[in-house]
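The values are calculated or read from the model by the stated rules, or taken from the named source; none is laboratory data. Keep in mind the model is a prediction, meaning the values are calculated, not measured. A quick note on method: Cβ atoms are made from the backbone with ideal geometry, for glycine too, and the neighbour counts reach across all protein chains shown.
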Amino acid sequence: MSTSLDTSAFLPAYDAASPENQVKLLYAWLATKPLELYAELRSQRPILVSPGPVLLTRFADVEEALSRNLVFTVRPYAPKMDPSVGPFMLARDGTVYNQRDKGILRALIQQSDMDGVRAQVAALAKTAIAEGASSDGRLEIVSQLTRLVPVRLTGAYFGFSGPDDATMMRWSYATQNDMFHNLTDDPAIHQANLEAGREMFIYLNNILPGRRQRVASDPKADDIVSRLLRLETPPSIGFDQARLLSNIMGLLVGGVETTSAAAVQAIDVLLDRPGPLAQAITAAKLNDLATFDRLFWEALRFWPMNPFIVRQSVAAYTIAAGTERETTLPANSLVLCATASAMHDATVVKNPEAFDPNRPAYHYLHFGYGEHVCLGDQVSLQQTPELARQVFLAGYTKRAEGPAGRPDFKGGSFPESLTLVRG
Ligand code: HEM
């Protein structure tokens, strides 16, 4: 992805287009050059009310919308999530599904587990790299590492290992692709999601009774599913078997393609920046995780996993009230909260086009903001940079020649391949 910001290239074409084409143009630009589009919008039209979605590009407005979750709701997710994994925390605002389920899951995913998670990821990654490297010294990181390790960590830490890696990858891909990337409502993509949900449901429903028995007799079983199965909650709060299944499925749905994309995209950005790359390699070798991780998350800011987070407003709302850009949005607006843009907003993020790994953590919105901030944030803060660190530690610090050495999305929503060679 190009990170050079060619401004003043979008709005003249946008303003000259018909309403229908304006929406098409917006989605095409969002898919191909979001950061360039956002730079122009931030300076010229920071709140863009199009005939389709509204785009919020300033840091303050993105945080405002994402924190007013009873106005800017997660309703758009429900038609994709409900029929696949059941009512889920991310498709419900201010309800028991979010408050109770997220509260319970947050209590089970413990901060004190995180050193262990990091060690698990390191070990899984070392094995995956050793097995995945070809005899001529090339490593294709998506199939051999960045999808594989999160699937295996979903087994090792979360306790949902599934029938095999390939099935878990298929379930994860099908659900993520429909729930977060099927903006045009392609029925084949939706169908694949429904089938994955049904298969996961049957699989989990079959294995959980046996797991429950094993957990009861094995005090050492201490992954998240084991903790869930040991948990006794009063019937009055309704955290029943259906809730268990839904939340276990969510651990896979949320955790694989997100992690893979973030790892690939941050590695890609680092490979284009010799200074930060050299610092990252040194920090990796010195086991200086704090420095390595800061370089990693700053790199991801230049190609964020999420160009925006989708919300639907349910009431009229005046955003950025009292500022020059104050705008009243009607009820039922589809609002794209451009977290990727917010992280480059110079009114909040100092010198945003400079690569500066010493920014405060609150300038990074990689995991969203507000009530729906990522449930897997603590795990991801360990897992995602560790994947990159292991790639560099194994010596894969250069792109393979030609197109193989560039991330290839193969026309889809996620990076499908990136081949590296030893530096
Ligand atoms: C680098 C990796 C990841 C990134 C960049 C990421 C990003 C995000 C973002 C942006 C959101 C907010 C969505 C919204 O507000 O609409 C979110 C929510 C969520 N994520 Fe992640 N995620 C990652 C890894 C994971 C992992 C490993 C899990 C496994 C537990 C997970 C589970 C979830 C869940 C369950 C939610 C919904 C939370 C809620 O509704 O309250 N994510 N994630």
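Computed values, structure above
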| item | result |
| --- | --- |
| Answer from 113, 101 - the residue that is modelled with pLDDT of 95 or more, touching a Phe, Trp or Tyr at 6+ places or on another chain (Cβ under 9 Å) and within 12 Å of the ligand (Cβ to nearest atom) | 101 |
| Helices (runs of 4 or more DSSP H) completely within the range 211-318 that count 2 or more residues being closer than 25 Å to residue 122 by Cα and more than 16 Å from the ligand (Cβ to nearest atom) | 274-285, 289-301 |
| Contacts under 9 angstrom Cβ, first residue in the range 354-365 being surrounded by 17 or more Cβ atoms within 10 Å (Cβ to Cβ), partner among the polar types (S, T, N, Q) and at pLDDT below 95, 6 or more apart | 365/306 |
| Single residue of the range 130-144 satisfying the filter (modelled with pLDDT of 95 or more and closer than 16 Å to residue 400 by Cα) that is farthest from the chain's Cα centre (by Cα) | 138 |
| Residue 369 vs. criteria within 16 Å of the ligand (Cβ to nearest atom), without any contact (Cβ under 8 Å) to a residue 24 or more places away in the chain, under 25 Å from residue 72 (Cα atoms) and not polar (S, T, N, Q) | no |
| Matching residues in the range 319-333 - criterion: being outside any loop (DSSP other than H, G, I, E, B) and either loosely packed, with under 15 Cβ neighbours inside 10 Å or in contact with a helix residue (DSSP H, G or I) (Cβ under 7 Å, 6 or more places away or on another chain) (or both) | 319, 328 |
| Failed condition for residue 379, given (1) under 27 Å from residue 339 (Cβ atoms); (2) assigned to a strand (DSSP E or B) | (2) |
| Options 4, 84, 50; residue that is surrounded by fewer than 20 Cβ atoms within 10 Å (Cβ to Cβ) and either modelled with pLDDT of 95 or more or among the β-branched types (Val, Ile, Thr) (or both) | 50 |
| Subset of the range 55-68 (residues that are in contact with a Leu (Cβ under 6 Å, 6 or more places away or on another chain) and either more than 16 Å from the ligand (Cβ to nearest atom) or at positive phi (or both)) | 57 |
